[in-house]
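Down below is the structure, laid out as structure tokens.
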Amino acid sequence: MNDKKWIIAGIVVFLAIFAFPFWYNMGKAAPAPEVKLTEKAKAAKQCVMPTEYMRAEHMQLLDVWRHNVVRNAEREFVNTEGKTFNMSLSNTCMDCHANKADFCDKCHDYASVDPYCWDCHLDRSKENE
Amino acid sequence: MSDLPKPEEMLKTDRRPSATGWMDTPVEIKKGIACYAGNPKSLEYVGLPNPRTWSCFDEDWQLPENWQEIIHEGLKERLERFRSFKIFMDICVRCGACADKCHFFIGTGDPKNMPVIRAELIRSVYRNDFTKAGKILGSLGGGRKMTMDVLKEWWSYFFQCTECRRCSVFCPYGIDTAEITIMGRELLNLIGLNIDWIATPVANCYRTGNHLGIQPHAFKDMIDFFVDDIEEVTGLKLEPQFNKKGADILFITPSGDVFADPGTYTTMGYLMLFHFLKEKYGLDVTWSTYASEGGNFGFFTSHEMMKRLNSKMYAEAKRLGVKWILGGECGHMWRVIHQYMDTMNGPADFLEEPVNPITGTKFENARSTKMVHIAEFTADLIKHGKLDLDPSRNDHLRVTFHDSCNPARGMGLLDEPRYVINKVCNNFYEMPANTIREQTFCCGSGAGLNAGENMELRMAGGMPRANAVKYVHEKYGVNMLACICAIDRAALPAMTEYWIPEVDVTGVHEMVGNALILPGEQKRETDLRLEPLPGVEAETEDEAKEEEADE
Amino acid sequence: MNKHYLYALLAVIVLFFVAYVGAEVFGLRIIFGVLIPYLAVIVFIAGFIYKVMGWARSAVPFRIPTTCGQQKSLPWIQPNKIDCPNSTGAVVIRMILEVCCFRSLFRNTKMSLEEGDKLTYRWEIWLWVFALAFHYSFLVVILRHFRLFTEPVPFFIQLLEKVDGFFRIEVLYDTIQTGLPGVFLSGLVLLAAVTFLLLRRILLPQMRYISLAADYFPLFLIFGIAFTGILMRYFTKIDVTAAKSLAMGLVTFHPTAPKGIGGIFYAHLFFVSILLAYFPFSKLMHFAGVFLSPTRNLTTNTREKRHENPWNYPVPVHTYDEYEDEFREKMVEAGLPVDKPFEKPPETLSDEKADSSA
């Protein structure tokens, strides 16, 4: 019984699936998107929290904000440096980061993340255009 | 038998494993479990290595000096020859699904009888000898060196496995302990470790054509004895044919059924069936004294020995010029025929594709091997109404059916015998679903373990089967355990006597013989066991007494 | 006894600290983020091919399927086409059910002694349930990670993420808030299943008895992978963009090891690398082996179609002629037909002697 060809075919199929990322991305250089800051954001120098924190934890921060606003009717956020902010995605975050497409979407698309912020919140950047 | 623990005690055996790991628990070769070593004369006769007188209870097993090397080389050779073996060495994840599927584990409670550990006995040596990880990590990686203790463990546990394949049904990767045990026994045989209950039948079979060493004239005598018994029952003098050239069909069945009760009654059933077919339809069936063994204890020795013994079937069929071969009721015989014979000793191009000349049925499933199972053959005859049957003659029997391991899990012969049973008797009851068909439990004595000195092991191994029989006995009053295996017929009576003495053992074709109405027969007053048939008993009792008085 | 799982656990803990300390304290990001992953993939692929081709090299001398149902014999007897497959097509179905549904494990029973003397066998489904849960959730987890290895992310990966995150599990209390980013069920199921399989091995005496360190190690390792993954996603958080740029760097052969992803990430990656490199040399190869198991992947029509054995060598046999030579006289006396006529040997005297001694 000569089943070697079937076994080799099996190995080839498996390795093709295993190596999918290698050949799928072949010839493409896909550098991580750079976050684009608006002039206002650049001027502010720092977000409500340090950049490193924001990069990793922004969704958690927004979650806490939403909870505090919606459930506890609290509106004030005091950061580690003692600065106070209004807990609002549309009015605080988007005030600086008015460029949703360049600021939010690029990274979200890159990481295949589909946040549900915009299910409710309006994307004002579109209105501005 | 007197040393045996009581059934109640055996049933409650402790199945919890010991606290110390299995590798750290040295083997204990016990009386009642172990079998006697192979007779050197038998080994010599068939050229098996290292013939000598020895005992497994001795300290010194008188092995060749380089035995470790022989085992290592043997292991290497088998890994190349058998993909099954190599894969089964590599892929077991020890999920434990097989553990409580083994009748020997259930019966003895010995944790090394869990199929997974039985395989680990070889696997540990394989890891040490053939894998880098095993060599580096040692016992932590599950590897160990081949030592005398390991060898004794192999010997002990590969002769505590009946190669029944029940674990293989449940294994998610189909790992078959039968395959492991087959390899283990082959390796043991390379250095002269065998048991006499296998080695001597092998030598006998090689010389005389059958395991029991019955020489041709004696074989004929024994069959003639059955002819006399049948005459007593039916009033007809049968004329079985031996070694007849030009017969239609060569019939081969295990010699055990020619030798000992209750298998002998099954042989009488065959004789009556063939007589019926000859008288009514002119079918010419011959027996052979040269190929007078269906079973193949070579299968329990090595693949090579299996082939050597099996060669007689095709050789004799060719010499006699028959059309095809019919095989009697037997377990491992049918595993060999179904899965090995054609590959080993075929192609059987000198035979015809089997056709039942009476019904015209082509046995397409046997097209290449050209050997048909008698249950297939008889079921076909009955289905076409070619047999005259009176199932009420078996009315005193309340029957259950024990699927033999090999036809069930090595062949898939499940419904044919059931069909025959249902047509020849009126009271048939199945045992619980998890104990029949592909999940059937072994008799506990297969694969050459049907010896006398290991009775404790046999009774323990038979426990799950007996327990299921007991269940139908209590629920339906079952008093007869039907089977299609000569080893069963030799082993189960001892098992039922120990566990459930109210139940007797029969072959399916014994019941066929009882039910079959032969042309011109006298009114039957007894069954094939010469026991009075119920119903006719009352009217004939007086006559019988008179006859006795006359004598 | 316990040394088996203690050593395995210890090994995984050591591996964790090696990566964590290596990346966090010594800043060996290139080693743990680039070199070791590449090495692991090479070892995996080479080892995998070596192992499977090793199996392929071994012969399949006999067709030895385990039949788990009625054979195809007489036309009026219903065969069990899947469990006793008579054709290649049926074998394919049997194999698909075996590989995808763990059909044999589904049959699992548990033996117990009831009412003092009745051996009973109950259907034991939990091992099957958790084994299935384990393998499928692991598969989904692996496929989901392709989002970090592909750009743009293919639609089927996004679809898988949608399905996996279908239940929006969010915990919203003043003291604890979690669930963002959206909870994937597969990760939790994987952790639960691997925990079950571990506890089963550690707590059941029979399982503990048969388990080797090699059985605990992959479980602890996969537990570690799932645990660090969940920790990063829902609790400690990492810069996913940075993580993806590392992953993309690997698959486009422009490796980078960006800052901003901490020790936990490197421990996670190191665990995966170890698992990959360990895979071909371990029982994990059951993944490939199950396809090649001769008791499952062969047809059962062994009497219908001859199987060839590539090493079928001739063996010594006891021929009929030899047999007749030995027994001819007795056969003739018993009236059995013989091929060559029997002639009494000339020295009748010695014959008589032999007779009388017998």
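Observations on the model:
- Residues being out of contact with any strand residue (DSSP E or B) (no Cβ under 9 Å at 6 or more places or on another chain) and either in a helix (DSSP H, G or I) or at pLDDT 95 or above (or both) - total across the range B:256-268: 5
- Qualifying residue in the range A:25-37 (condition: more than 26 Å from C:Ile157 (Cα to Cα), of a type outside the set (Ser, Thr, Tyr) and more than 16 Å from the chain's Cα centre (by Cα)): no
- Restricting attention to the range B:225-255, the residues that are touching a helix residue (DSSP H, G or I) at 6+ places or on another chain (Cβ under 9 Å) and either farther than 11 Å from B:Gly328 by Cα or assigned to a helix (DSSP H, G or I) (or both) add up to 20.
- Scanning the range B:198-213 for residues that are within 11 Å of chain C (Cβ to nearest Cβ) and part of a loop (DSSP other than H, G, I, E, B) gives a single hit, B:Gly209.
- Total residues in the range B:448-462 satisfying the condition of being in a loop (DSSP other than H, G, I, E, B) and without any contact (Cβ under 8 Å) to a residue 40 or more places away in the chain: the figure is 1.
- Residue tally, condition surrounded by fewer than 19 Cβ atoms within 10 Å (Cβ to Cβ) and assigned to a loop (DSSP other than H, G, I, E, B), over the range C:125-153: 2
- Breaking point among (1) of a type outside the set (Asp, Glu); (2) over 30 Å from A:Arg66 (Cβ atoms); (3) more than 11 Å from chain A (Cβ to nearest Cβ), for C:Val163: (2)
- Pairing residues of the range C:19-43 that are of a type in the set (Val, Ile, Thr) with residues that are at pLDDT below 95, at Cβ distances under 7 Å and at least 6 apart in sequence or on separate chains, gives C:Ile30/C:Ala257; C:Ile31/C:Gly22; C:Val34/C:Leu250; C:Val34/C:Pro255; C:Val34/C:Ala257.
- Residue tally, condition within 14 Å of chain C (Cβ to nearest Cβ) and either closer than 30 Å to B:Cys102 by Cα or assigned to a helix (DSSP H, G or I) (or both), over the range B:375-400: 9
- Annotation note: of B:Gly32, B:Gly109, the sole residue that is more than 8 Å from every other protein chain (Cβ to nearest Cβ), within 26 Å of B:Val169 (Cβ to Cβ), touching an Asp or Glu at 6+ places or on another chain (Cβ under 6 Å) and surrounded by fewer than 17 Cβ atoms within 10 Å (Cβ to Cβ) is B:Gly109.
- Filter result for B:Glu279 (surrounded by fewer than 24 Cβ atoms within 10 Å (Cβ to Cβ) and within 28 Å of C:Thr300 (Cβ to Cβ)): no
- Candidates B:Lys220, B:Lys135, filtered to the one that is farther than 21 Å from B:Gly294 by Cα and out of contact with any Cys (no Cβ under 7 Å at 6 or more places or on another chain): B:Lys135
- Boolean, B:Phe274 is away from chain C (no Cβ under 14 Å), part of a strand (DSSP E or B) and either buried (at least 24 other Cβ atoms within 10 Å of the Cβ) or touching a residue at least 12 places away in the same chain (Cβ under 8 Å) (or both): no
- The lone criterion from (1) more than 14 Å from chain C (Cβ to nearest Cβ); (2) crowded, with 17+ Cβ neighbours inside 10 Å; (3) touching a helix residue (DSSP H, G or I) at 6+ places or on another chain (Cβ under 8 Å) left unmet by B:Gln68 is number (3).
- Within the range B:51-66, the presence of a residue that is part of a helix (DSSP H, G or I) and either more than 16 Å from B:Trp155 (Cβ to Cβ) or aliphatic (A, V, I, L, M) (or both) is excluded.
- Any hit, the range B:304-311, residues being over 19 Å from B:Met371 (Cα atoms) and either of a type in the set (S, T, N, Q) or assigned by TED's automatic domain parsing to the domain that holds B:Trp324 (or both): yes
- Flag for A:Lys42 being modelled with pLDDT under 90, among the basic types (Lys, Arg) and either surrounded by 17 or more Cβ atoms within 10 Å (Cβ to Cβ) or in a loop (DSSP other than H, G, I, E, B) (or both): no
- For B:Gly138, the requirement of being buried (at least 22 other Cβ atoms within 10 Å of the Cβ) and within 11 Å of chain C (Cβ to nearest Cβ) is not met.
- Pair list, Cβ under 9 Å, 6 or more apart: the range C:187-210 residue away from chain B (no Cβ under 14 Å), other residue among the basic types (Lys, Arg): C:Gly187/C:Arg144; C:Gly187/C:Arg233
- Looking at C:Leu113, C:Leu127, just one residue is more than 14 Å from chain A (Cβ to nearest Cβ) and touching a residue at least 60 places away in the same chain (Cβ under 8 Å), and that residue is C:Leu127.
- Some residue of the range B:144-158 being away from chain C (no Cβ under 11 Å), polar (S, T, N, Q) and under 34 Å from the mean Cα position of the chain (by Cα): yes
- Number of the condition not met by B:Gly174 [criteria: (1) without any contact (Cβ under 8 Å) to a residue 24 or more places away in the chain; (2) surrounded by fewer than 23 Cβ atoms within 10 Å (Cβ to Cβ); (3) assigned to a loop (DSSP other than H, G, I, E, B)]: (2)
- First in the range C:239-262 and at the interface with another protein chain (Cβ under 7 Å from one of its Cβ atoms), second anywhere and surrounded by 17 or more Cβ atoms within 10 Å (Cβ to Cβ) and acidic (Asp, Glu), Cβ under 9 Å, 6 or more apart: C:Lys244/C:Glu151; C:Met248/C:Glu151; C:Thr252/C:Glu151; C:Gly260/C:Asp239
The values are calculated or read from the model by the stated rules, or taken from the named source; none is laboratory data. Because the structure is predicted, anything quoted here is derived from the model rather than measured. When we count neighbours, we look across all protein chains shown, and the Cβ atoms used for this are built from the backbone with ideal geometry, even at glycine.
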